[in-house]
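I have placed the structure first, in the form of structure tokens, so that the comments after it can refer back to it.
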Amino acid sequence: MPPPARELSTTSQHFIIGTAGHVDHGKTSLIRALTGAETDRLREEQERGMSIDLGFADFALPSGRHAGVIDVPGHERFLKNMLAGAGGIDLVILVIAADEGVMPQTREHLDILSVLQTRKGVVALTKADMVDSEWLELVQDDVRGALKGTFLRDAPIVPVSSVTGEGVPELKALLDAMAAEVPTRTIVGPWRLPIDRVFTIRGFGTVVTGTLVAGVARVGDRVEVLPEEVETRVRSLQVHGASVDFAEAGTRVAMNLAGVDLEEIDRGSVAAPPGVYEPTLALDARLDVLESCPREVRNRTRVRVYLGTAEVLARMNLLDADALEPGQSGLVQLRLESPTIAAKGDRYVVRLYSPMETIGGGSIIDPAPSRHRRFNEQVLANLAVKEMGTPEELVAEAVQRAGLAPVAPAAAALQLAMPAEEVASLVAGLKERGDLVEIEAGRFLHRHRLDAAAHLVTGTLSEFHAAQPMRAGMSREELRSRLSRQVDAKGFNLVLTRVEAEGLVAAEGGRVRLASHEPQLTPEQRRVADAFESGLLADPFNAPSYDELRAGLPPKAAQEVWDALLGNGVIVRISEGVFLHRKAVEQAIEQVRAYLAENRQVTAAQFRDLLGTSRKYAVPLMEYLDAQRVTRRLGDVRELF
Ligand SMILES: Nc1nc2c(ncn2[C@@H]2O[C@H](COP(=O)(O)OP(=O)(O)OP(=O)(O)O)[C@@H](O)[C@H]2O)c(=O)[nH]1
Ligand SMILES: [Mg+2]
């Protein structure tokens with residue numbers, strides 16, 4: 001197998017910071033102190049001084065990076081809302097008030113985040129202004145104890161006060177520094193937006209918001225909202241309050257959906273490209289029961305399942321045990337009371353239907369299973385295979401891991417220690433379904449890798465166009481070097497060929513642009529450009545110099561437009577200080593070719609007379625045509641190359 005030497009960067013740069021912690025411990029106040037934003041936006045929240053629903057903010061970190069913020073409510077009664085936000089969190093601020101210390105929802109939120117496999121976080125010891133230093137030290141010890149054995153065991157503990165501002169700059173700097181270590185989300189594969197809010201804006205229609213958990217969503221994309229199975233289109237997108245053409249995984253997104261009725265969709269629905277997910281009434285899953293679960297879990301227990309932003313009631317069928325004790329793990333089939341969607345590997349949380357205690361959670365093994373009988377050996381064996389990865393998944397993963405280095409089935413078989421014929425037939429099936437692409441004879445890439453790389457190309461071009469609207473395109477070399485950290489030269493060529501074939505990107509004359517891009521000039525720039533062009537074309541082979549051409553033009557615009565015209569190939573630099581219009585060069589090439597077709601050779605004097613120019617232009621132009629391999633010099637004459 002070709003070495004996956006250069007791993008294509010498949011994670012986005014974006015991430016979500018979320019709060020967690022007991023009611024009234026100062027989460028919302030801390031987010032206000034950090035970002036300036038008020039996340040308690042409901043009137044009831046403001047009147048009661050308590051968060052009820054999720055709050056959202058944009059956080060401009062000192063380094064200039066932006067993070068989305070999700071502020072969760074701490075009150076036990078609103079845990080359902082906390083759960084709708086928790087799945088989107090990449091970096092958690094566990095808020096513990098210094099005066100109260102660890103409280104029940106401190107532990108419960110920590111349990112939930114552990115089940116969801118949140119990996120990074122800090123502890124903010126809030127209300128530090130309310131305690132003295134001795135107390136603060138003792139609380140820190142308690143907190144350290146409570147974090148033992150959790151993903152936050154080594155997390156920094158930062159005393160802060162949102163009232164005096166003490167510790168806030170330190171916390172900001174820490175979050176900024178940690179940004180680099182946060183495991184971010186993949187842009188590979190179909191995008192998915194678990195919806196956490198739905199509202200209407202007059203004149204725009206329905207807007208849904210959520211944390212984009214995977215992929216790249218674009219304006220114009222077709223969308224299916226599930227489980228309702230409503231089909232629509234992305235009319236516009238906003239990230240951090242600004243309109244964008246696309247949004248990458250790990251961002252808070254507001255998505256305006258075309259022609260969708262507000263009543264049709266709700267928190268818990270999921271937006272995704274059509275045909276990727278199927279609503280289901282059953283899920284096979286691994287269940288890890290929390291150590292802190294107050295009771296054993298019995299078969300047929302009625303539970304609330306939290307998946308993405310959805311809450312669904314279900315009965316839990318234990319497939320390989322009569323009951324699960326706290327700390328134990330088993331295989332379960334969740335029989336849902338209303339349809340939902342899930343993907344293999346999704347994390348979920350379960351709580352008892354009543355009393356509402358958090359039991360545990362785990363990962364989805366099969367998002368669309370048939371109904372199983374319990375203690376059935378065949379069923380359990382199949383689930384064990386699925387949990388590890390089916391042979392087909394293992395093959396697809398091996399190709400995906402190789403990034404943009406095409407993989408031959410035989411090499412994958414060797415790596416996976418699987419029979420070559422089996423791998424070959426699995427590859428054929430994956431190709432048939434469009435998951436693998438035969439990029440060269442007998443060698444395959446994963447389609448998601450190609451898509452992600454294509455996104456890098458189009459994203460880079462779209463940034464270039466935004467920064468340099470006058471330029472027709474980016475030089476191919478510059479684009480390649482811009483992406484060289486993510487894509488090697490061979491992979492770059494593969495991807496560029498593909499995006500060209502798909503009509504997303506156009507490449508002409510060594511320049512690459514988005515197919516949709518047209519150079520934008522202000523009216524003044526347009527006038528300047530016209531002046532340059534008509535000046536150059538007046539006597540095409542005796543063109544004035546740059547200094548002559550720009551006399552009388554506004555200096556700044558003249559410089560910008562001249563550079564753009566050169567960059568776009570409208571003006572061609574023949575030699576130091578000699579510039580001709582592209583049309584003049586094209587005409588020269590045509591005339592010289594016609595002349596040489598008849599006369600075989602041309603001298604400098606003949607060339608000069610042919611174009612009606614002078615020695616000053618004829619000599620550099622002949623050299624230019626030699627360099628362009630139109631002609632070839634033989635002593636004092638030129639021939640066709
Ligand atoms: N003295 C002091 N008071 C604080 C501090 N932070 C928050 N408070 C107060 O504590 C109360 C609760 O603060 P919030 O920020 O609403 O707490 P919360 O964690 O968001 O509460 P829920 O969202 O309802 O769980 C408010 O009265 C705040 O003014 C602090 O650092 N020092
Ligand atoms: Mg709050």
Open item on the list: When you check Ser243 against the structure, is it part of a loop (DSSP other than H, G, I, E, B), modelled with pLDDT under 95 and among the hydroxyl-bearing types (Ser, Thr, Tyr), yes or no?
Closed with: no
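One line per residue, one yes/no per condition, for (1) within 12 Å of ligand 2 (Cβ to nearest atom); (2) more than 23 Å from the chain's Cα centre (by Cα); (3) assigned to a loop (DSSP other than H, G, I, E, B); (4) at pLDDT 95 or above:
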residue	(1), (2), (3), (4)
Ile70	yes, no, no, yes
Pro73	yes, yes, yes, yes
Lys80	no, yes, no, yes
Ala84	no, no, no, yes
Val92	no, no, no, yes
Val95	yes, yes, no, yes
Val102	no, yes, yes, yes
Thr106	no, yes, no, yes
- [ ] Return a yes/no flag: does segment 108-120 have any residue that is within 16 Å of ligand 2 (Cβ to nearest atom), hydrophobic (A, V, I, L, M, F, W, C) and within 24 Å of the chain's Cα centre (by Cα).
- [x] no
- [ ] Output the number of residues of segment 331-349 satisfying the condition of being buried (at least 22 other Cβ atoms within 10 Å of the Cβ), over 21 Å from Asp266 (Cβ atoms) and out of contact with any His (no Cβ under 7 Å at 6 or more places or on another chain).
- [x] 2
- [ ] Go through Ala405, Ala413, Ala453 for me and flag whichever is part of a helix (DSSP H, G or I), more than 21 Å from Leu319 (Cβ to Cβ) and in contact (Cβ under 8 Å) with a residue 12 or more places away in the chain.
- [x] Ala453
Task: Number of positions in segment 380-401 that are surrounded by fewer than 20 Cβ atoms within 10 Å (Cβ to Cβ) and either more than 25 Å from the chain's Cα centre (by Cα) or not acidic (Asp, Glu) (or both) - done: 14
Task: Residues located in segment 213-231, provided they are within 21 Å of the chain's Cα centre (by Cα), part of a loop (DSSP other than H, G, I, E, B) and surrounded by fewer than 16 Cβ atoms within 10 Å (Cβ to Cβ) - done: Gly220
Open item on the list: For segment 310-332, check the following and say yes or no: at least one residue is in a loop (DSSP other than H, G, I, E, B) and of a type in the set (Val, Ile, Thr).
Closed with: no
- [ ] Test each condition in (1) of a type in the set (A, V, I, L, M); (2) over 30 Å from Arg401 (Cα atoms); (3) in contact with a Gly (Cβ under 6 Å, 6 or more places away or on another chain) for Leu193 and report the one that comes out false.
- [x] (2)
Task: Subset tally (residues that are out of contact with any Pro (no Cβ under 9 Å at 6 or more places or on another chain) and either in a loop (DSSP other than H, G, I, E, B) or more than 13 Å from ligand 1 (Cβ to nearest atom) (or both)) for segment 48-63 - done: 7
Open item on the list: Restricting to segment 121-139, and then to whatever is in a strand (DSSP E or B) and either surrounded by fewer than 23 Cβ atoms within 10 Å (Cβ to Cβ) or more than 16 Å from ligand 2 (Cβ to nearest atom) (or both), can you tell me which residue is farthest from the chain's Cα centre (by Cα)?
Closed with: Leu125
- [ ] Provide a single number: the residues in segment 13-63 that are of a type in the set (A, V, I, L, M), farther than 19 Å from Ile89 by Cα and more than 10 Å from ligand 2 (Cβ to nearest atom).
- [x] 2
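Table: residues versus (1) closer than 22 Å to Leu566 by Cβ; (2) part of a helix (DSSP H, G or I); (3) of a type in the set (Val, Ile, Thr).
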residue	(1), (2), (3)
Leu580	yes, no, no
Val585	yes, yes, yes
Ile589	yes, yes, yes
Leu596	no, yes, no
Asp609	no, yes, no
Val619	yes, yes, yes
Glu623	yes, yes, no
Open item on the list: Just to verify a result, which residue in segment 32-47, among those that are touching an Asp or Glu at 6+ places or on another chain (Cβ under 9 Å) and over 30 Å from Ser63 (Cα atoms), is nearest to ligand 1 (Cβ to nearest atom)?
Closed with: Glu45
Open item on the list: So for segment 539-549 (the condition being in contact with an Asp or Glu (Cβ under 6 Å, 6 or more places away or on another chain) and either surrounded by fewer than 17 Cβ atoms within 10 Å (Cβ to Cβ) or not in a loop (DSSP other than H, G, I, E, B) (or both)), does at least one residue qualify?
Closed with: no
Open item on the list: Looking only at residues that are assigned to a loop (DSSP other than H, G, I, E, B) and in contact with a helix residue (DSSP H, G or I) (Cβ under 8 Å, 6 or more places away or on another chain) in segment 629-640, which one is modelled with the highest pLDDT?
Closed with: Val630
Task: First in segment 305-317 and under 13 Å from Asp284 (Cβ atoms), second anywhere and in a strand (DSSP E or B) and among the charged types (D, E, K, R), Cβ under 7 Å, 6 or more apart - done: Ala314/Arg335; Ala314/Glu337; Asn317/Arg335
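The values are calculated or read from the model by the stated rules, or taken from the named source; none is laboratory data. Model, not experiment: these values are computed from the prediction. Here Cβ is always computed from backbone atoms with ideal geometry, including for glycine, and neighbour counts include all displayed protein chains.
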